[in-house]
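*Asks:* First the structure, then my questions, so here it is.
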Amino acid sequence: MRLHRFYINKPLGEELVVVEKELVHQWIHVFRYTVGDEVMLFSPHTAGEDSVYRISSHTKTSVTLSKVTTQPHIIPPSNITLVMAVVKKDTFETIARQATELGVTSIVPILSARSEKKNLNMERLQAIVTEAAEQSGRGTVPTIEAICTFDKALQKTSAITNIVASLRVQAHSVSDTSTCALWIGPEGGWTEEEEETFAEKGFISLRLTETTLKADTAAVAALTSILATTW
């Protein structure tokens with residue numbers, strides 16, 4: 001039987017006492033785990049592997065675990081930052097989940113000229129990418145940065161290769177995507193001024209189709225195109 005996999009932000013030793021309320025509640029009250037049941041954990045403090053633990057005891061507020069074995073987990077081969085214009089809540093959450101499954105390292109929400117939404121539930125987004133990392137088998141959880149302006153995002157990515165999805169420009173080939181930032185615009189697309197800025201900054205343009213894509217479709221298509229050469 002496939003074990004459920006969970007993220008925990010603490011070192012994984014031979015013995016482990018879990019007191020994190022959400023995990024304890026999920027294990028004891030949702031999954032109804034008891035002594036002898038096993039779980040799989042991964043942690044930022046333990047690189048390269050998942051650890052399988054067996055529950056040795058539990059109370060209402062804690063679960064004591066004993067390590068059974070370890071196994072390698074998946075580390076995304078590229079360091080990709082998704083610079084994503086803020087869109088409506090449900091769409092952005094879908095993008096965050098799918099981007100995690102595809103292997104992005106970080107997500108930078110930005111306020112572009114045509115962004116209709118101005119805020120996001122950051123705590124919920126972090127929970128979504130954590131759950132997506134647990135489900136997909138990857139050994140890292142993407143970081144989600146605070147919403148920033150268009151100009152601030154340009155500063156954040158100035159030292160790496162920048163790729164922008166656009167309908168207005170002719171596509172260029174992308175030879176190295178090991179470390180890059182992918183820019184995806186809002187539902188209304190980038191403005192002419194933003195497109196001019198991309199050209200001035202030497203961005204590599206990525207033309208996905210001749211049709212106009214929704215933001216979530218564009219994000220998945222662009223990430224798939226980039227990651228196809230690295231996975």
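*Asks:* Please specify each residue of segment 95-117 satisfying the condition of being open to solvent by 30 Å² or more (accessible area, probe 1.4 Å) and under 11 Å from the mean Cα position of the chain (by Cα).
*Replies:* Arg97, Gln98, Glu101, Leu102, Thr105, listed by residue number.
*Asks:* Another question about this same structure. Which one is farthest from Thr130 (Cα to Cα), of the residues in segment 1-19 that are of a type in the set (D, E, K, R) and at pLDDT below 95? If you could, list the steps in order and put the result at the bottom.
*Replies:* First, the residues of segment 1-19 that are of a type in the set (D, E, K, R): 2, 5, 10, 14-15.
Now drop any that are not at pLDDT below 95, which leaves 2, 10.
Values: Arg2: 19, Lys10: 15 Å.
Here the residue is Arg2.
*Asks:* Got at least one residue in segment 37-48 being among the β-branched types (Val, Ile, Thr), touching a strand residue (DSSP E or B) at 6+ places or on another chain (Cβ under 9 Å) and more than 19 Å from Gly137 (Cα to Cα)?
*Replies:* Checking segment 37-48: not a single residue is among the β-branched types (Val, Ile, Thr), touching a strand residue (DSSP E or B) at 6+ places or on another chain (Cβ under 9 Å) and more than 19 Å from Gly137 (Cα to Cα).
*Asks:* Working only within segment 1-35, note down all residues that are under 22 Å from Ile75 (Cβ atoms), in a loop (DSSP other than H, G, I, E, B) and not small (Gly, Ala, Ser).
*Replies:* Of everything in segment 1-35, those that are under 22 Å from Ile75 (Cβ atoms), in a loop (DSSP other than H, G, I, E, B) and not small (Gly, Ala, Ser) turn out to be Arg2, Leu3, His4, Ile8, Asn9, Lys10, Pro11, Leu12.
*Asks:* Scan segment 36-48 and give yes if some residue there is open to solvent by 40 Å² or more (accessible area, probe 1.4 Å) and assigned to a strand (DSSP E or B), otherwise no.
*Replies:* Yes, some residue in segment 36-48 is open to solvent by 40 Å² or more (accessible area, probe 1.4 Å) and assigned to a strand (DSSP E or B).
*Asks:* So, Ile75, is that one under 14 Å from the mean Cα position of the chain (by Cα) and surrounded by 16 or more Cβ atoms within 10 Å (Cβ to Cβ) or not? Can you show your working first?
*Replies:* Working: under 14 Å from the mean Cα position of the chain (by Cα): yes; surrounded by 16 or more Cβ atoms within 10 Å (Cβ to Cβ): no.
No, not satisfied.
*Asks:* Has segment 140-155 got at least one residue that is without any contact (Cβ under 8 Å) to a residue 60 or more places away in the chain, of a type in the set (Asp, Glu) and touching a strand residue (DSSP E or B) at 6+ places or on another chain (Cβ under 9 Å)?
*Replies:* Among the residues of segment 140-155, at least one is without any contact (Cβ under 8 Å) to a residue 60 or more places away in the chain, of a type in the set (Asp, Glu) and touching a strand residue (DSSP E or B) at 6+ places or on another chain (Cβ under 9 Å), which makes the answer yes.
*Asks:* Quick check on segment 82-89. Is at least one of its residues under 27 Å from His4 (Cα atoms) and in contact with a strand residue (DSSP E or B) (Cβ under 9 Å, 6 or more places away or on another chain)?
*Replies:* No, segment 82-89 contains no residue that is under 27 Å from His4 (Cα atoms) and in contact with a strand residue (DSSP E or B) (Cβ under 9 Å, 6 or more places away or on another chain).
*Asks:* Could you check segment 118-231 for helices (runs of 4 or more DSSP H) lying wholly inside it with 1 or more residues that are β-branched (Val, Ile, Thr) and either open to solvent by 60 Å² or more (accessible area, probe 1.4 Å) or modelled with pLDDT of 85 or more (or both)?
*Replies:* Per the criteria, 122-136, 192-200, 215-227.
*Asks:* Continuing with this model, one more query. Within segment 13-35, can you find the residues that are open to solvent by 20 Å² or more (accessible area, probe 1.4 Å) and either touching a Leu at 6+ places or on another chain (Cβ under 6 Å) or in contact (Cβ under 8 Å) with a residue 60 or more places away in the chain (or both)?
*Replies:* Within segment 13-35, no residue meets the criteria.
*Asks:* Same structure, new question: Are any of the residues in segment 80-90 in a loop (DSSP other than H, G, I, E, B), surrounded by fewer than 18 Cβ atoms within 10 Å (Cβ to Cβ) and out of contact with any His (no Cβ under 8 Å at 6 or more places or on another chain)?
*Replies:* Yes, there is a match, as at least one residue in segment 80-90 is in a loop (DSSP other than H, G, I, E, B), surrounded by fewer than 18 Cβ atoms within 10 Å (Cβ to Cβ) and out of contact with any His (no Cβ under 8 Å at 6 or more places or on another chain).
The values are calculated or read from the model by the stated rules, or taken from the named source; none is laboratory data. None of the values given here were measured: they were computed from a predicted structure. Don't worry about glycine lacking a Cβ; one is built from the backbone with ideal geometry, like all the others, and counts go over all protein chains shown. Note: areas computed on protein heavy atoms with side chains; ligands, DNA, RNA excluded. Shrake-Rupley method; radii C 1.70, N 1.55, O 1.52, S 1.80 Å.
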